[in-house]
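Visitor: One structure, as structure tokens, below. Some questions next.
The values are calculated or read from the model by the stated rules, or taken from the named source; none is laboratory data. Every value quoted in this text rests on a predicted model; they were computed, and no experiment measured them. So basically every Cβ, Gly included, is an ideal-geometry build from the backbone, and we count neighbours across all protein chains shown.
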Amino acid sequence: MTNPSSRSTVLPASITVSAPAKINLVLRILDRRPDGYHNLWSLMLTVQLEDELALSLNDNHSTIILRCDDPTLKTDPSNLVYRAAAAVLEVSGRTVGLDMVLAKRIPMGAGLGGGSSDAAATIAGLNRLLNLGWSKETMVHVGQALGSDVPFFFFTPSAIVEGRGEKVAPVRIKGNRWVVLVNPGFPVETKWAYQQLSVSRTGVQPLSGVHAGLGKASEPSWEEVLQAAENDFEAMVFKAHPVLHKIKQKLLAEGAEAALLSGSGATVFGVFRDEPTARRAEIEFRTEPHLKVYTVSTLSDSWP
């Protein structure tokens, strides 16, 4: 991988970037904004489950060509990676032939931010590949037009995200943990989840003192973070998909310090103090073939 700080007149021909998954350790959905979106308050964290994106310049054409090893993912201009690449070229005023190959590891529609992470990786990768010299702020500006979760991925490994997703404040959680991700094999549509939340609740609970305190701590401990773990989507998503609640209960029974729905689902994750306990819990889910199970560590280094 090229060093983003090295400026050279000779452009690299290709570059490969990783795009990590995220989990929401806290996800509060607050009041509705004038633009129709909701204000949110979330503590997000990247984990070591990653897509991989190869970007190559091609002198034989002047278009964007995207391929993916998952045949169910559209690779046309509606794809977030394609859209991110097109946005970078438009803003930078560049016209190049670009070949992109996406290796998908993060399940889609899973609440793990795979598409948003891929978009951020595209922007960061093209910034290096084309030697644009963009600041983080410029990359965030391009990314936030693509999706609410995209800005976060420029402030990893962990950050508090507010507003529509555009307000990101990095925090460093002291120490590492192991995470068991359990995906049921079906997606939960984010738009549906927000609609259900709007019709099912009678009012908006204000941000708690625990969460406000967490927002002021630059280096919270895992104990503080897990005490505050909460997701406003859980009640109605679990009601529609009881299997997800059962997964949460099983993770806790297997020794998870906390277990939670990530995003609007459908992935449920458990946080474990050490790898052996996490691996033992993973084995308990392996007997159910429809589940996708990943045991990963939290990321402690910044990205991209």
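Visitor: Considering 219, 166, which residue is out of contact with any helix residue (DSSP H, G or I) (no Cβ under 9 Å at 6 or more places or on another chain), over 29 Å from residue 242 (Cα atoms) and of a type in the set (Asp, Glu)?
Guide: 219
Visitor: Taking the range 139-153 on its own, how many of its residues are surrounded by fewer than 22 Cβ atoms within 10 Å (Cβ to Cβ) and either among the aromatic types (Phe, Trp, Tyr) or farther than 23 Å from residue 92 by Cβ (or both)?
Guide: 1
Visitor: Count, please, the residues in the range 27-41 that happen to be closer than 22 Å to residue 223 by Cβ and surrounded by fewer than 24 Cβ atoms within 10 Å (Cβ to Cβ). Full working, then the answer.
Guide: Of the residues in the range 27-41, the ones closer than 22 Å to residue 223 by Cβ are 27-28, 41.
Subset that is surrounded by fewer than 24 Cβ atoms within 10 Å (Cβ to Cβ): 28, 41.
Here the count works out to 2.
Visitor: Can you tell me which of 163, 185 is on the phi > 0 side of the Ramachandran plot, surrounded by 13 or more Cβ atoms within 10 Å (Cβ to Cβ) and touching a His at 6+ places or on another chain (Cβ under 7 Å)?
Guide: Details: 163 fails: touching a His at 6+ places or on another chain (Cβ under 7 Å).
Only one candidate passes the filter, namely 185.
Visitor: Could you list, in sequence order, all residues of the range 43-74 that are in contact (Cβ under 8 Å) with a residue 40 or more places away in the chain and outside any strand (DSSP E or B)?
Guide: Across the range 43-74, the qualifying residue is only 58.
Visitor: Further question: So which residues in the range 110-148 are of a type in the set (D, E, K, R) and either at pLDDT below 95 or over 24 Å from residue 263 (Cα atoms) (or both)?
Guide: Those that are of a type in the set (D, E, K, R) and either at pLDDT below 95 or over 24 Å from residue 263 (Cα atoms) (or both): 128, 136, 137.
Visitor: Considering only the range 44-72, state which residues are under 18 Å from the mean Cα position of the chain (by Cα) and surrounded by 18 or more Cβ atoms within 10 Å (Cβ to Cβ). Talk me through it step by step, then tell me what you get.
Guide: Filtering the range 44-72 down to residues under 18 Å from the mean Cα position of the chain (by Cα) leaves 44-53.
Across the range 44-72, the qualifying residues are 44, 45, 46, 47, 49, 50, 51, 53.
Visitor: Check the range 275-293 and report whether any residue there is in contact with a Phe, Trp or Tyr (Cβ under 9 Å, 6 or more places away or on another chain), aromatic (Phe, Trp, Tyr), buried (at least 17 other Cβ atoms within 10 Å of the Cβ) and touching a residue at least 60 places away in the same chain (Cβ under 8 Å).
Guide: The answer is no, given that none of the residues of the range 275-293 is in contact with a Phe, Trp or Tyr (Cβ under 9 Å, 6 or more places away or on another chain), aromatic (Phe, Trp, Tyr), buried (at least 17 other Cβ atoms within 10 Å of the Cβ) and touching a residue at least 60 places away in the same chain (Cβ under 8 Å).
Visitor: While we're looking at this one, here's another question. Please work out which residue is nearest to the chain's Cα centre (by Cα), limiting yourself to the range 158-188 and to residues that are within 18 Å of residue 46 (Cβ to Cβ), part of a loop (DSSP other than H, G, I, E, B) and modelled with pLDDT under 95.
Guide: Taking the candidates together, the pick is 165.
Visitor: Within the range 114-122, is there a residue that is part of a loop (DSSP other than H, G, I, E, B) and not aromatic (Phe, Trp, Tyr)? First the steps, then the outcome.
Guide: Within the range 114-122, the first condition is being part of a loop (DSSP other than H, G, I, E, B), and the residues that meet it are none.
Within the range 114-122, none of the residues are part of a loop (DSSP other than H, G, I, E, B) and not aromatic (Phe, Trp, Tyr).
Each row is one residue, and each column tells you yes or no for (1) of a type in the set (Lys, Arg); (2) in contact with a Gly (Cβ under 6 Å, 6 or more places away or on another chain).
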{"residue": "38", "(1), (2)": "no, no"}
{"residue": "48", "(1), (2)": "no, no"}
{"residue": "55", "(1), (2)": "no, yes"}
{"residue": "58", "(1), (2)": "no, yes"}
{"residue": "64", "(1), (2)": "no, no"}
{"residue": "69", "(1), (2)": "no, no"}
{"residue": "76", "(1), (2)": "no, no"}
{"residue": "83", "(1), (2)": "yes, no"}
{"residue": "88", "(1), (2)": "no, no"}
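Visitor: Considering 94, 128, which residue is farther than 20 Å from residue 42 by Cβ, assigned to a loop (DSSP other than H, G, I, E, B) and of a type in the set (D, E, K, R)? Can you show your working first?
Guide: On the way: 128 fails: assigned to a loop (DSSP other than H, G, I, E, B).
Of the residues listed, the single one that is farther than 20 Å from residue 42 by Cβ, assigned to a loop (DSSP other than H, G, I, E, B) and of a type in the set (D, E, K, R) is 94.
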